[in-house]
Structure formats: C-alpha cells, structure tokens
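A short write-up of the structure that comes next.
The values are calculated or read from the model by the stated rules, or taken from the named source; none is laboratory data. Values in this document were obtained by computation on a predicted structure and should not be read as measured data. Don't worry about glycine lacking a Cβ; one is built from the backbone with ideal geometry, like all the others, and counts go over all protein chains shown.
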Amino acid sequence: MAQPTNTFDTYDSVGIREDLFDTIYNVDPDETPFLSKMGKVSAKNTNHEWQTDGLDAPSATNANIEGDDTTAGAVTATTRLGNYTQIFKKAVTIPGTLESTTRAGRGREQAYQKLLKGKAMKTDMEMSAFANNAKVAGNATTARELAGVPGWLTSNTSAGAGGSDATGDGTDARTDGTQRAFTESALKTVLASIYDNSGKKPDCVYLGSWNKQIASGFTGSSTRFDKGESATLTAHVDVYEYDFGSVRFEPSRHVRSRDALVLTTDMWAWADLRPMFDEALAKTGDAEKFQIVAESTLVCRNELANGGIFDLTTS
C-alpha cells in the first residue's frame, strides 16, 4: 500500500498543537515513617533538654525490724539530657517570565515548588533523625546539628567486631565495626535486653531493604499477613512475635542500611523550635524568591526502651 499522491499528512502540516498531558508523575519516595509516628513537642531554646530517671534496683531483702529507726536511703539525681535544634532550609527563585507562562501539570510554579521542597525537607529530617551524628552546638561559622538515633543507644545493642556504642548523651557518634549478617538470634538478644532493662516494649524495627528481606526469613513465632487467595505465596514477615511482645518490621529508605533500629515509638519525639513554614525573600530583581524553613531536634526520652543491631551486611 502507498499513500495517494499529494496527500497532506501530519508530517507536512504546520501548527499542530502539542499533546502534553496535564499531569506530572513523580515516584521519588517521600514517606517518613519514623517522623510521622513520633510525638511532636515544642522547643523553647536551641538546646532542647529533658530528664530521665529510674527506680531503685529491686531487692529481695527489704525486711525491717519492728520499732527500728528509719535510715534514709541514697537518692540518685535525675539525668539531664539535651539535643540541639537543627535549621532545615530549602530555597527557590522563580523568574517573573516563568511564572507568566502556561505550564502543564501545575498552576503557579511557586506553589508547585513549595509542595516539592516541603516534601523533600521532611525526608531530610527523617534521614537526620536516623543519622549516626554527634550533636553540634554551632557558632557564627558552624551550623548546629542534632544527634541522631545511633548516638543515644548504649544499653541494648549488638555490634560487629570493633564496633562500639557512643557515650549515649548525643555528644559523639557510635564507632562502626566489621559488618556481619543480620540474624534472628541477634534480634532476640536485643529484644530480651530491652525487656530486662525497661518497662517498655518496642513496637518497630527500622531497617533497609536488604535486611528487611533477611528478616522475612526469620522462622520464630511470627505473623504473616496473607492476601487470602490460595494461589498467593507470601514471602514476607510484617510483624514478629517474640516472648515479651511483638514488633513491626518497618522498611526505611532513610535509615542507615547497616543498622536495624529496635525502637519504642513513644520514647522518641520531634521537638519544633520553629515548625516548617515558608516565607518570601527580599526581591532583588525580576524574580520571586522564597524559602522553606524549619528548626527542630530529636528527643530520646529514654534509651533503655530502645536498642539496635549494628554493622550489618547490606548485600
């Protein structure tokens, strides 16, 4: 078959309008499970502080003589801890010409960019919360930084050869050791340690994609959520039931892939000195400038209720 002579087709025509669908598809991950689950509190200073305390050790010899004089026991002061607020910031400049054009998939460019930058900044916060960072007080030339989860955990941890815990007050980072495979035995050891050291039960284990798949091969008392169809093979474990409770395996793109963090959610909080907001910046030319800012920190209410398995292989 051949096209008839002098057929005026789309290849010859000039002025056909473009066919650009009015939707923008963005599949970059923006979920922040840890940040979303944590309680939110207000900070009143750049050094947000809190206190921890504990009970006297249980005694099987608390027996007293009738009429005996009472002697005061030793009293231990509370432990005062703190973390510095970190300033998170994203800024965009939109030329007046661009804002005056018609664009596919969005209305005002500034509104669209605010949405994108706001989502991106939340992932920055999540990654900072999981980072193996020491807190930094900051000065006129150095930015303040918050200490992430690994810098607070000391009591219920498992590390590879050469690995060691941080001091536990946010002033230093943990030392990474030789990587080894994630095992069910290591998880059970940390869970038992948390039970022995606290009155809390962890509810989430945050871990990367590789070790989430390893965890799905654990054979202990676990609950598998099936779709119900007889032809469906389920090869994952979402909730792991152990002797003292159960934890949910929460895959995270922002936790360090070598860490499995066993956390009790209500023992963590996100403290906002300045909750996220956007504001216009000074106009210096033919463009609109704005920034999105937040100033916040991570609160470890009591590390005894949490733990971690560190130095895990990632492939």
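The set of residues in segment 1-26 that are within 30 Å of LYS119 (Cβ to Cβ) and either charged (D, E, K, R) or over 51 Å from the mean Cα position of the chain (by Cα) (or both) comprises GLU18, ASP19, ASP22. Restricting attention to segment 96-134, and to residues there that are surrounded by fewer than 13 Cβ atoms within 10 Å (Cβ to Cβ), in contact with an Asp or Glu (Cβ under 8 Å, 6 or more places away or on another chain) and not small (Gly, Ala, Ser), which single residue is farthest from VAL293 (Cα to Cα)? That would be THR97.
If only residues of segment 247-295 that are without any contact (Cβ under 8 Å) to a residue 60 or more places away in the chain and either assigned to a loop (DSSP other than H, G, I, E, B) or aromatic (Phe, Trp, Tyr) (or both) are counted, the one that is surrounded by the most Cβ atoms within 10 Å (Cβ to Cβ) is PHE249.
Select from segment 296-315 the residues that are more than 20 Å from the chain's Cα centre (by Cα) and either buried (at least 18 other Cβ atoms within 10 Å of the Cβ) or under 22 Å from LEU35 (Cβ atoms) (or both) and list them in ascending order. Those that are more than 20 Å from the chain's Cα centre (by Cα) and either buried (at least 18 other Cβ atoms within 10 Å of the Cβ) or under 22 Å from LEU35 (Cβ atoms) (or both): none in segment 296-315.
Please go through segment 1-25 and pick out each residue that is under 30 Å from ALA129 (Cβ atoms) and exposed (fewer than 10 other Cβ atoms within 10 Å of the Cβ).
TYR25
Within segment 43-52, is even one residue part of a loop (DSSP other than H, G, I, E, B), exposed (fewer than 14 other Cβ atoms within 10 Å of the Cβ) and acidic (Asp, Glu)? No, segment 43-52 has no match at all. Looking across segment 146-192, the residues that are within 22 Å of THR265 (Cα to Cα), of a type outside the set (Ser, Thr, Tyr) and not in a loop (DSSP other than H, G, I, E, B) come down to VAL149, PRO150, GLY151, TRP152, GLU184, ALA186, LEU187, LYS188, VAL190, LEU191, ALA192.
Looking at THR178, is it in contact (Cβ under 8 Å) with a residue 12 or more places away in the chain, closer than 14 Å to ASP311 by Cβ, surrounded by fewer than 18 Cβ atoms within 10 Å (Cβ to Cβ) and out of contact with any Ser or Thr (no Cβ under 6 Å at 6 or more places or on another chain)? Break it down into steps so the answer makes sense when it comes.
Details: in contact (Cβ under 8 Å) with a residue 12 or more places away in the chain: yes; closer than 14 Å to ASP311 by Cβ: yes; surrounded by fewer than 18 Cβ atoms within 10 Å (Cβ to Cβ): yes; out of contact with any Ser or Thr (no Cβ under 6 Å at 6 or more places or on another chain): yes.
Spelling it out, THR178 is indeed in contact (Cβ under 8 Å) with a residue 12 or more places away in the chain, closer than 14 Å to ASP311 by Cβ, surrounded by fewer than 18 Cβ atoms within 10 Å (Cβ to Cβ) and out of contact with any Ser or Thr (no Cβ under 6 Å at 6 or more places or on another chain).
The condition (being within 18 Å of HIS254 (Cα to Cα) and acidic (Asp, Glu)) is satisfied by just one residue among ASP196, ASP172, ASP176, ASP203: ASP176.
Among the residues making up segment 89-129, those that are closer than 30 Å to ASP311 by Cα, of a type outside the set (S, T, N, Q) and in contact with a Ser or Thr (Cβ under 7 Å, 6 or more places away or on another chain) are LYS122, MET125, GLU126. Out of GLY151, GLY168, which single residue is on the phi < 0 side of the Ramachandran plot, surrounded by 16 or more Cβ atoms within 10 Å (Cβ to Cβ) and not aromatic (Phe, Trp, Tyr)? So the residue among GLY151, GLY168 that is on the phi < 0 side of the Ramachandran plot, surrounded by 16 or more Cβ atoms within 10 Å (Cβ to Cβ) and not aromatic (Phe, Trp, Tyr) is GLY151. Checking PRO29 against (1) over 26 Å from ASN133 (Cβ atoms); (2) under 17 Å from the mean Cα position of the chain (by Cα); (3) not acidic (Asp, Glu), which single condition isn't satisfied? Here PRO29 clears every test but (1).
Close Cβ contacts (under 8 Å, 6 or more residues apart or on different chains) running from residues in segment 201-220 that are over 19 Å from GLN179 (Cα atoms) and at pLDDT 95 or above to residues that are surrounded by fewer than 23 Cβ atoms within 10 Å (Cβ to Cβ) and of a type in the set (Asp, Glu) comprise CYS204/GLU250.
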